[in-house]
Amino acid sequence: MSHHDSKSASPMQVATGDRAILPEGARTIPIYVMGKRYEVPETLTIMKAMEYAGFKFLRGAGCRGGICGACPTVYRKEGDYKLYFGLACQTVVEPNMYLAQIPFYPANRAKYDIEAISPVAETVHALYPELFRCVACNNCTKACPMGVEVLDYISAIKQGDLARAAHLSFDCIQCGMCASRCMGELPQYHVAQLVRRIYGKYIQPRAAHLEKRVVEIESGKYDAMLDALQKMSHEELEKLYKEREREPDMAPPGTWMPEDTQYL
Amino acid sequence: MGYTPEMLELIKRVEATRPARVEMARRGENFPALSLEERAVVLEAFHPDYQKEGRRPVKVGPDKGLVLPDEIATMLESRSMIRPDKVDLSHVDFDTDVLIVGAGGGGTSAALLASEAGVKVLMVTKLRHGDANTMMAEGGIQGATQECDSPFYHYLDTIGGGHFTNQPDLVAALSHDAPQSIAWLESLGMMFNKLPDGRLQVRHFGGSSRKRMHSAGDMTGAEIMRVLRDEARNRSDRITTLEFCPAVELILDEEGKCAGAILYNMETREFFIARAKAVVIATGGNGRLHIKGFATTNHYGATMDGVVMSYRAGVGTTCLPSTQYHPTGVAYPEQNVGLLITEKVRGLGAHVLNIDGEQFCFPLEPRDVESAELIKEAVEKKKAVITPTGRVGLWLDSPMIDLLHGEGTVRKELPAKFIQFARHGIDISKHPMLVYPTLHYQNGGIAINANCETVIPGLYSAGECTGGVHGENRLMGNSLQDVITFGRRAGVSAAAYVKKGVELKKLTLDHVAKYEKELKDAGIENPMIAPVLLPDYSTDEVAARRKMEAMQESE
């Protein structure tokens, strides 16, 4: 279906884009993708190793940079009873690893109206009563590829400390590995999303200066200035650009004012 | 793993110059920035956009003759996945008011605003909802929210950073709406970095006169995306989202209005006809075309689909020849090569250094200038570090940040980056990072006005797939602001257009047939098929064993 023009690459083999190559002298190692053996270069990530082996991802690849949660992968190592969890785009292959991607895991999500809800822990408890099925086994934390203290934030929510839970869960990429391992069948990452939005909207103090600026914009304060800028010649703009005063690096926000205040 | 003993030895040179550099930073002194004239010289000599090789005029379409990178020209000279004469457009599978193509920050903002205006929204995307460059934007979002700042200075910084090539009405819209967009995100419950009294934390960035960069840790885009996605899910009664089901061709009506798109379910390989009174293209960038073989910071689906489809329908482009190389992509370890290291690292005070631990440029030049300075130091001065896999890199002295702002600042301000390097045995609060420019952003794209209208009635566009907002160089934090401001504007405009009353006439794909005739007349044999939807990273050896020529195609 899709086609990539690989012929434009130079005859000498070089790594272009994300296509992996086998550098001179590099060793290959065996990995098992869903039980099937492939020889791949060592030092590659699971994602690039699978592509090297010939897989083309549809599900199971997203940002390729460790932040979108599309490529959670579960694996075991030879002779080791433990389960390991990682992102395919971030985890380096090891010899004889047995892996499977889990690009999707079903999890219950409660709908709510952010404008209408009451910003208290009881709201969260009512939307997700299964929170209290948590047995504190800590499998969620062990399964998190981002190192989030999942059990700790679930406990904080149960105890009513939404601010703590919001901060503890901040690095969550919503891959769903926590939910996949949960005895109590909790959708941890959906609960955390709700809590962070309650925190951001209702608990964290609002920015007063922002509210003031929005009123100024809506009153049309800057319309004439922006109109004038749009009509300016390159030379006039360049002159203004060069004359800009630069806010000092170490000045705390809100403390410094420029000498020229006519455009504020 | 971590750094090799040889690299650790080189890091000692960085450590040797660090105390004096930290003292200098404490005094507020910087390595001198270049004048506008000096910037022009270094760009001309070292920026990939300014090199003649690898560029050619595109042979067909509304911008025929425009000189573009080969990869982009070839993509525009492509044919459709579908045979226009064999599609029955009378059988409509989805009927909606507004069809939004792409479900990143721009598409989702458009969906939310259109649904608020009371119209029915169908949003389609090739991967999952939120798989987009928005998710990956780390450093922050611009907006003149502080007392010492105003939309006037946001405008000036943006157009100066873009070398005065930006489209003025779009810059005005961006700087005007930016504080409103930030207030909207705050009201949706986004967790901004704030001071205890609620004041938004702000920082400098390359090309800024005022501290205007707002952030949420070092995952600002991810925080924006997950909040917008969560809100869209709360409104699933008004917003239908189809994943793994991108648009592959636009549909017009007999009067030339945009009237929907052909959708393709990538999992079942079915095609669907989606009829819509208005269409918003928000398909994002093109980093996965790997111009000149550069690595990219972009997500897996960044293949320029929207530009291809709208170009074929007759919409020209703005600033498309210009591509942004982010100055600080990862050069080591090999597993992370190409990934972005946010400009915030330099905003927090980290210096860029050569192999001898010496500064050679102002760390916060506009991105194209900064990239050119790094390339110059490596290519001309030959002062780069060579990695074990033969890549070149320059140091980014992240340990300075804790020295300047207090122990623990790196972990607190750059948590995602800290984890990413820690996975490979590197503590970036103790050791510098090795960086080199990487393909980052499609500066140009679909031509729009400040209401996100294209030349085709009923066809709107917003975000990275459009051109003009950033001119030929984008400043940090203006991309996130672009997707929110113009996503919102596109949603409002499309909904208003629908509510005025749109009567669709007979649906047609004549524009596709006409374009393919133009290809033939231009002598383009075997055009590639696009949108490509996803890149193909199979090795030459694997591709050869697929024996495409010898085997009958399955399709």
Distance between modelled label sites at B:T4 and A:M183, nm, 7 Å Cα→Cβ extension
4.8
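Over chain B, what relative contact order in percent results from Cα pairs under 8 Å that are six or more residues apart?
Answer for chain B is 25 percent.
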Roughly how many Å is it from the Cα centre of region B:317-340 to that of region B:105-141, as a whole number?
23
How large is the charge dipole for the protein assembly as shown, taken about the Cα centre, if only the Cβ atoms of Lys, Arg (+1) and Asp, Glu (-1) carry charge, to the nearest 20 debye?
1560
Which one, A:Q159, B:V121, B:H326, is farthest towards the positive end of the dipole of the protein assembly as shown when Lys and Arg carry +1 and Asp and Glu -1 on their Cβ?
A:Q159
Just to be sure I understand the model, the point goes 7 Å from the Cα along the line to the Cβ. What's the resulting B:R545 to A:D161 distance in nm?
5.4
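Residues of B:194-203, mean number of Cβ from any other protein chain within 10 Å of their own Cβ, rounded to a whole number?
So the per-residue partner count for this stretch is 5.
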What is the magnitude of the charge dipole of region A:64-185 about its Cα centre, with +1 placed on the Cβ of each Lys and Arg, -1 on the Cβ of each Asp and Glu, and no other charges, expressed in debye to the nearest 20?
300
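Express in % the proportion of alpha carbon pairs of the protein assembly as shown at distances exceeding 40 Å. Working shown, then result.
Working: 108490 of 334971 pairs.
Summing the P(r) tail past 40 Å for the protein assembly as shown gives 32 percent.
Once the convex hull of the alpha carbons of chain B is built, what does its volume come to per residue, in cubic angstrom?
Values: hull volume 85.1 nm³, N = 555.
Per-residue hull volume (Cα only) is 153 Å³.
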Packing rank of A:247-255, B:383-391, B:182-190, B:76-84, where each peptide gets the mean count of other beta carbons within 10 Å, highest leading
B:182-190, B:76-84, B:383-391, A:247-255
Take region A:20-101, drop everything but the C-alpha atoms, weight them equally and run the Debye formula without solvent; then report log10 I(q)/I(0) at 0.14, 0.22, 0.23, 0.24 Å⁻¹ to two decimals.
-0.42, -1.02, -1.11, -1.19
Helix by helix, which DSSP H runs in chain B go 20 Å or more along their axis at the Cα atoms and have an average Kyte-Doolittle hydropathy of 0.0 or more?
B:168-187, B:478-499
Other protein chain Cβ atoms within 10 Å, averaged over every residue that makes up A:105-115
2
Helix-only [θ]222 nm of chain B, DSSP H runs n ≥ 4, -39500 (n - 2.57) each, per residue, nearest 500:
-10000 deg cm²/dmol
For chain A, evaluate the Debye formula with one uniform point scatterer on each Cα (no solvent term) and list log10 I(q)/I(0) at q = 0.07 Å⁻¹, rounded to two decimals.
-0.46
Relative to the longest principal Cα axis of chain A, at what angle does helix A:188-198 sit, 0 to 90 degrees, rounded to 10?
10
Expressed as a rounded percentage, what relative contact order does region A:20-101 have, with Cα pairs under 8 Å and six or more residues apart?
35
When the Cα centres of region B:220-270 and region B:27-68 are compared, how far apart do they sit, in Å?
35
Treating only Lys and Arg (+1) and Asp and Glu (-1) as charged, each at its beta carbon, one finds that chain B has a dipole about its Cα centre, in Debye to the nearest 20, of 500
B:Q142 neighbourhood, Cβ < 12 Å, K/R = +1, D/E = -1, net charge 0
Seen from all sides and averaged, what is the projected area of the convex hull of the Cα atoms in region A:121-203, in nm²?
4.5
In whole angstrom, the spacing between the Cα centers of region A:119-169 and region B:486-555 equals 45
Report the relative contact order of region B:369-440, percent, no decimals, based on alpha-carbon pairs under 8 angstrom and at least 6 residues apart.
36
Per-residue average of Cβ from other chains inside 10 Å of A:213-219
5
If you take the charge dipole of region B:1-158 about its Cα centre, with +1 on Lys and Arg Cβ and -1 on Asp and Glu Cβ, which of B:Y153, B:L66, B:S78 is farthest toward its positive end?
B:S78
Grab the eigenvalues of the alpha-carbon gyration tensor for region B:29-162, scale each by 5, take roots, and send me the semi-axes largest first in whole angstrom.
38, 29, 13
Once the dipole of chain A is set up with Lys and Arg at +1 and Asp and Glu at -1 on Cβ about the Cα centre, which of A:T141, A:M250, A:I203 lies farthest towards its positive end?
A:T141
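Any read-out appearing in this document is the output of simple, stated calculations on the displayed coordinates, not a laboratory observation. Bear in mind the structure is a predicted one, so any value in this text is a computation, not a measurement. Methodologically, a virtual Cβ is constructed for each residue, glycine included, from the backbone with ideal geometry; neighbour enumeration extends over all protein chains shown.
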